[in-house]
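Derivation of every value follows stated rules applied to the coordinates shown; laboratory data play no part. Not measured: the values here are computed from a predicted model. Positions of Cβ are backbone-derived with ideal geometry, glycine not excepted, and every protein chain shown enters the neighbour counts.
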Amino acid sequence: MIASIIVDNYLKNRKKSVWVSCSLDLFRVAEEDFKDIHSDVPIMAFTPKCHVFQDGVLFCTYAMLSKHFQQIINFLGTNFDGVVCQLLLTHIKFT
């Protein structure tokens with residue numbers, strides 16, 4: 001569902017989004033979500049060199065968000081009107 005919201009905004013010329021998750025391991029899940037809906041919106045896991053990333057989805061963890069907040073804000077720019085979303089997985093144990 002998150003991928004479809006991001007794609008909808010991307011098609012409306014809101015070209016930048018941030019997807020925040022508890023673990024970088026979930027980056028592959030996010031990539032699969034975009035593939036499942038046949039989207040070619042670029043998605044990149046956060047690195048200190050993400051400033052070269054022009055548009056698309058910046059995937060990061062909560063720890064990265066707090067540690068590199070200003071760099072992420074710089075990526076988004078002053079006129080940001082895209083999507084910031086989070087992916088949470090809840091583990092439920094049935095007994």
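For this structure, a couple of remarks:
- Qualifying residue in region 70-79 (condition: in contact (Cβ under 8 Å) with a residue 60 or more places away in the chain and within 14 Å of the chain's Cα centre (by Cα)): yes
- When the criteria are applied in full, D33 meets the requirement of being over 11 Å from the mean Cα position of the chain (by Cα) and surrounded by 17 or more Cβ atoms within 10 Å (Cβ to Cβ).
- Residue that is farthest from Q86 (Cα to Cα), among those in region 36-72 that are exposed (fewer than 14 other Cβ atoms within 10 Å of the Cβ) and among the aliphatic types (A, V, I, L, M): V52
- In region 1-44, the qualifying residues are those that are in a loop (DSSP other than H, G, I, E, B) and in contact with a Phe, Trp or Tyr (Cβ under 7 Å, 6 or more places away or on another chain), and the one that is nearest to D55 (Cα to Cα) is V41.
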